[in-house]
Amino acid sequence: MNTKLSLSLDTELIEKAKTYAKSKKLSLSQLIENYLKKLTMEHPDTETAVSNLEAMSGIVKLDKELDYKKSIGEHQINKYK
């Protein structure tokens, strides 16, 4: 059974969401319903999450001599100057 729901959202956000939904060939209602279903699942799809992480693994190649902790510290110092 479907029930109507009224939401108050930023106009620009609504337009962006409509454009996104249209690009996925969905209505805005379907998009929101799908999101809420995923959000309220008791057992999230960990298999999908793991496969997404595995797909990203190894994308960035770092120099073996790089001191990443030092680099992070330098970045934070420069960021907050």
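Quick grid of which residues meet (1) in a helix (DSSP H, G or I); (2) in contact (Cβ under 8 Å) with a residue 40 or more places away in the chain; (3) of a type in the set (F, W, Y); (4) surrounded by 10 or more Cβ atoms within 10 Å (Cβ to Cβ):
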| position | (1), (2), (3), (4) |
| --- | --- |
| N2 | no, no, no, no |
| S8 | no, no, no, no |
| K25 | no, no, no, no |
| Q30 | yes, no, no, yes |
| E33 | yes, no, no, yes |
| L53 | yes, no, no, no |
| K61 | no, no, no, no |
| S71 | yes, no, no, yes |
| K81 | no, no, no, no |
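If you go through segment 35-47 and pick out every residue that is loosely packed, with under 10 Cβ neighbours inside 10 Å, of a type outside the set (D, E) and at pLDDT below 70, you end up with 2.
The values are calculated or read from the model by the stated rules, or taken from the named source; none is laboratory data. Here the structure is a predicted model, which means the values were calculated and not measured. Here the Cβ is made from the backbone with ideal geometry for all residues, glycine too, and neighbour counts use every protein chain on show.
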